[in-house]
Amino acid sequence: MLEPSYINGLTLLGGEPFEPGNQRALLPFLRSVKESYPGKSVWAFSGFTLEELQTPGGHPNCEATAPMLELIDVLVDGRYVEAKKDISLRFRGSSNQRLIDLNQTRAQNRIVLWEADSQRPFRSGIFLPLA
C-alpha cells in the first residue's frame, strides 16, 4: 500500500505504539518499511512525551524504544488534554502536544519542532491504528 507515489508515508497511532509490547512488534515492521521505502516518512502519535520514552527504567522505555525512534521522522507526543483542546492546531488536538522533527532532533542533539512550511507538503499516508 505504500508503493504509490501519492502516498507520502506511514502513520502509527492509537492504541499506543510505544507500549513496550507494541514496540517489540512494530520494530521489525518499521525496519522493513524503511528498507523498502526509504523516501517515505514515518509519523507516530504517542501519549508519552519524548522525554518519557527516553527515560531508562520508565514504563515505555524498553530495548526497542531507541531503535524505533531512529526509524520515525515525526513524533507527535504527549497526552491529549481536553482542557487544552485547540482545533486550530495541525495534526494534534491539544496545545501540550508537540510535533517533533526527530531527524533534526537527532542531528542537532536538541528537540526541534516540525515546521510544516519547511517540509514536503503533507499528502496522504497509510494510517496504522493499533488495537
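Of the set (1) hydroxyl-bearing (Ser, Thr, Tyr); (2) under 23 Å from Trp114 (Cα atoms); (3) over 11 Å from the mean Cα position of the chain (by Cα), all apply to Ser32 but (2).
Within segment 62-84, residues that are at pLDDT 95 or above and assigned to a helix (DSSP H, G or I) reach partners that are surrounded by 14 or more Cβ atoms within 10 Å (Cβ to Cβ) and among the aliphatic types (A, V, I, L, M) with beta carbons closer than 7 Å, at six or more positions or on different chains, in the pairs Thr65/Leu53; Pro67/Leu27; Met68/Leu26; Met68/Leu27; Met68/Leu30; Leu69/Leu53; Leu69/Leu102.
Considering segment 62-85, the residues that are open to solvent by 50 Å² or more (accessible area, probe 1.4 Å) and out of contact with any strand residue (DSSP E or B) (no Cβ under 6 Å at 6 or more places or on another chain) include one that is nearest to Asn8 (Cα to Cα), namely Glu70. Does segment 48-57 include one or more residues that are on the phi > 0 side of the Ramachandran plot, modelled with pLDDT of 95 or more and surrounded by fewer than 16 Cβ atoms within 10 Å (Cβ to Cβ)? For segment 48-57, residues on the phi > 0 side of the Ramachandran plot, modelled with pLDDT of 95 or more and surrounded by fewer than 16 Cβ atoms within 10 Å (Cβ to Cβ): present.
The values are calculated or read from the model by the stated rules, or taken from the named source; none is laboratory data. All of these numbers come straight from a predicted model, not from anything done at the bench. Using ideal geometry, Cβ is built from the backbone for each residue, glycine included, and neighbour counts are taken over all protein chains shown. Heavy atoms of the whole protein, side chains included, go into the accessibility calculation; ligands, DNA and RNA do not. Shrake-Rupley method; radii C 1.70, N 1.55, O 1.52, S 1.80 Å.
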